[in-house]
Amino acid sequence: MDDLIQRCQQGDVEAFSILVERNGAKAVRTAYLITGRRDMAEDIAQETFIQCYRDIKRLRKPEMFQAWFYRVLSRLSWRHTAKEKGKVSLESLADSDNKFLVNDTNLAEAVEAKLKKDIVQKAVGRLNTPLRTTIVLYYFNELSIKEIAHVLGCREGTVKSRLHNARKQLARELKQYGLEPSSRDERAYLGQEDVVQ
């Protein structure tokens, strides 16, 4: 990856195309999870890659690309979200990479998993933008606490606090529906694992 970043920094357009190809879908999905708006997500991802192309030469450490990239993406997502008035509601993720394959033997499981996923989805969607962004970066992008602190420009303790507060808020909401919260619920919501095996 470092070699690819260095080639991008030298103005290699083909290398940048590879970078976009490798990171494009995840960038769109991350923007979508932060904003809750599919119509915004693609624009944000494109804007992020444009800014990345323009500024990548300034990146001193190629190994820091991921944290730098998600910092740009997160800030653009926040900016776009701030422009929207009212509460942003998350659209259904039914057409995302978690497909429900239903047959006679797993119909009940699929229905239960879908209901649970919808509840978790709505609960995460009600988190404020900083908490939701932290959850997305931690579970979907699998960034470390240290990387998230770099992305968000805050201290590691702040990231830990946000994760703690987000989990606490999710736990309260999920308990109202008789669900015991777990990191599996959050990973399922964010597309890190199949809800139905």
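The values are calculated or read from the model by the stated rules, or taken from the named source; none is laboratory data. Everything numeric here is computed off the predicted structure, so don't read it as measured data. All Cβ positions, glycine included, derive from the backbone under ideal geometry; neighbour counts span all protein chains shown.
Against the criterion of being surrounded by 11 or more Cβ atoms within 10 Å (Cβ to Cβ) and modelled with pLDDT of 85 or more, Q10 does not qualify. Any residue at all in region 20-28 that's of a type in the set (A, V, I, L, M), within 24 Å of C154 (Cα to Cα) and crowded, with 21+ Cβ neighbours inside 10 Å? Among the residues of region 20-28, at least one is of a type in the set (A, V, I, L, M), within 24 Å of C154 (Cα to Cα) and crowded, with 21+ Cβ neighbours inside 10 Å, which makes the answer yes. Go through the residues of region 122-131 one by one and say whether even a single one is at pLDDT below 90 and of a type in the set (D, E, K, R). Scanning region 122-131, I find at least one residue that is at pLDDT below 90 and of a type in the set (D, E, K, R), so the answer is yes.
It is to be established whether one or more residues within region 54-67 are within 14 Å of the chain's Cα centre (by Cα) and either small (G, A, S) or within 19 Å of I135 (Cβ to Cβ) (or both). Yes, region 54-67 contains at least one residue that is within 14 Å of the chain's Cα centre (by Cα) and either small (G, A, S) or within 19 Å of I135 (Cβ to Cβ) (or both). Considering (1) touching a helix residue (DSSP H, G or I) at 6+ places or on another chain (Cβ under 8 Å); (2) modelled with pLDDT of 55 or more; (3) aliphatic (A, V, I, L, M), the lone condition that L115 does not fulfil carries the number (1).
For region 143-162, the set of residues classified as touching a residue at least 12 places away in the same chain (Cβ under 8 Å) and under 16 Å from S74 (Cβ atoms) consists of L143, I145, E147, I148, H150, V151, L152, G153, V159, R162, listed by residue number. Selection of region 139-169 for residues being among the polar types (S, T, N, Q) and under 15 Å from the mean Cα position of the chain (by Cα) yields N141, S144.
For region 1-55, the set of residues classified as in a helix (DSSP H, G or I) and either touching an Asp or Glu at 6+ places or on another chain (Cβ under 7 Å) or at positive phi (or both) consists of D2, V28, R38, listed by residue number. Somewhere in region 174-190, is a residue in a helix (DSSP H, G or I), at pLDDT 60 or above, farther than 22 Å from S74 by Cα and in contact with a Phe, Trp or Tyr (Cβ under 9 Å, 6 or more places away or on another chain)? No, that holds for no residue.
Within region 56-81, being over 15 Å from L152 (Cα atoms) and without any contact (Cβ under 8 Å) to a residue 12 or more places away in the chain holds for R58, R60, K61. Counting only residues that are over 13 Å from the mean Cα position of the chain (by Cα), at negative phi and either modelled with pLDDT of 90 or more or of a type outside the set (V, I, T) (or both), region 77-89 holds 8 of them.
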